[in-house]
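Student: One structure coming up, written as structure tokens, with questions to follow.
The values are calculated or read from the model by the stated rules, or taken from the named source; none is laboratory data. Since the model is a prediction, treat every value here as computed from it, not as a measurement. We place every Cβ from the backbone using ideal geometry, glycine too, and count neighbours over all the protein chains shown. Quick note on the areas: whole protein, heavy atoms, side chains included, nothing else; ligands and nucleic acids left out. Shrake-Rupley method; radii C 1.70, N 1.55, O 1.52, S 1.80 Å.
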Amino acid sequence: MNLLIVKALIAFAGVALAVGGWYFDAIKKPYTHLFNPHWLPHARYHSALWLFAITLACAASLVLLWGHYPGHDTQLAIWMAAFLPGLFYLSFYPSLLFRNTSSWDDGETPFMPVAPQLVVATVMLLVLAGALWLDTHLRQAV
């Protein structure tokens with residue numbers, strides 16, 4: 001195994017976050033977020049902020065992983081590349097602490113104990129943690 005596997009795992013988690021965010025929050029019908037006609041304009045603005053923040057963070061993660069710059073492939077670069085999408089996946093949990101919030105889309109009937117995006121966030125955090133563990137293991141073996 002080599003650093004390419006570490007980078008691919010982190011890139012997968014980041015791209016999945018950006019693509020999934022745009023698909024589920026802006027493209028998939030019926031609209032439940034960005035273009036939801038029942039949401040107030042300021043709520044839709046926050047949805048757009050979230051989508052662009054994810055997109056920019058994941059793009060920065062990909063630059064850290066695959067860019068050619070002084071210090072590329074250092075442990076700091078790899079860990080920061082994982083940290084950027086990891087922040088967004090982590091934010092799924094404390095967001096539920098606010099009163100009257102739900103991880104279920106408006107009008108969606110819960111069909112499992114937790115919303116699917118919480119399962120995906122957990123899996124992706126495990127993927128990122130596994131990538132960082134592998135990175136540390138590879139560097140110690142050198």
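Student: Just to be sure I understand the filter: pairs with C-beta atoms under 7 Å, separated by 6 or more residues or on different chains, first member in region 49-61 and over 24 Å from Asp73 (Cβ atoms), second member aromatic (Phe, Trp, Tyr) and surrounded by 15 or more Cβ atoms within 10 Å (Cβ to Cβ). Which pairs pass?
Tutor: Pairs found: Leu51/Trp22; Ile54/Phe88.
Student: Now for a separate question. For residues that are among the β-branched types (Val, Ile, Thr) and within 14 Å of the chain's Cα centre (by Cα), scanning just region 1-30, find the one that is least open to solvent (accessible area, probe 1.4 Å).
Tutor: Ile10
Student: Name the one entry in Leu4, Leu9 that is free of Cβ contacts under 8 Å to residues at least 12 places away in the same chain, among the aliphatic types (A, V, I, L, M) and not in a loop (DSSP other than H, G, I, E, B).
Tutor: That would be Leu4, the only listed residue that is free of Cβ contacts under 8 Å to residues at least 12 places away in the same chain, among the aliphatic types (A, V, I, L, M) and not in a loop (DSSP other than H, G, I, E, B).
Student: Of Trp66, Trp79, which residue is over 16 Å from the mean Cα position of the chain (by Cα) and under 24 Å from Trp133 (Cα atoms)?
Tutor: Exactly one residue qualifies, and that residue is Trp66.
Student: Go through region 88-119 residue by residue and tally those that are out of contact with any Leu (no Cβ under 9 Å at 6 or more places or on another chain), under 18 Å from Ile54 (Cα atoms) and in contact (Cβ under 8 Å) with a residue 40 or more places away in the chain.
Tutor: Residues meeting the conditions: 1.
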